[in-house]
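Reviewing the structure listed below.
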Amino acid sequence: METIHKIGRRKTAVARIYLTKGKGKITINNRELDNYFTTPTLRYKVQQPLMLTDNEKAYDIKVNVFGGGITGQAEAVRLAISRAMCEINEEHRLVLKPEGLLTRDPRMVERKKFGQKKARKKFQFSKR
C-alpha cells in the first residue's frame, strides 16, 4: 500500500495527512498525539474515525496542520482521516457518513464591519 494523502479543513485550520500501513502511531507536526492535543476530548475527536472503522492499530498517520485554534485543528485532522478511510475502503463510508464525519463544516467567523465594534455589535448609542 502506498501513502494516501488527504486534506481536511475547519474554520481557518488546514490539516494534511499522510496515511501508511503501520502500528497506529499518529504524529502531528513532528510531535506525538498526546503532546500536541493535551485534552482527552481533542484526542478522541482525532481518533474517532479510526475507532468507528476498527483501524486504531492498522495505520501510521503523519499530520501537518496549521491555522486556527486547537479545536479547529483537531476537527480538520478528523475530516482528513475520515476521507482517507473512505478511500481505503468504500464500506467505511456507510459507518462514517451517519456520524457526520465526512461533512465539511462551513461555519466561519463573520468579518467585522466598519463603523461597528464587531461583526454585529454596534458602538454604544448616545442620544445626547
Let's see if you can work this out: charge +1 on each Lys and Arg Cβ, -1 on each Asp and Glu Cβ, no other charges. What is the dipole magnitude of the range 1-94 about its Cα centre, in debye to the nearest 20? 320
A student asked for the Cα radius of gyration and Dmax of the range 4-96 in angstrom ought to give 11.8, 32
Under the rule of -39500 (n - 2.57) per DSSP H run of 4 or more residues, summed and divided by the residues of the chain, what mean residue ellipticity at 222 nm is obtained, to the nearest 500 deg cm²/dmol? -9500 deg cm²/dmol
Towards the positive end of the charge dipole of the range 70-128, with charges on Cβ (+1 Lys, Arg; -1 Asp, Glu), say which of ILE88, GLY100, GLN73 has the farthest Cα. GLN73
Once Lys and Arg get +1 and Asp and Glu get -1 on their Cβ, which of THR20, HIS5, LEU50 lies farthest toward the positive end of the dipole of the range 4-96? HIS5
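None of the figures in this text is laboratory data; all of them are computed from the coordinates on show. These figures come from a predicted structure and were not determined experimentally. For neighbour counting, all protein chains shown are included, and Cβ atoms are generated from backbone atoms with ideal geometry for every residue, glycine included.
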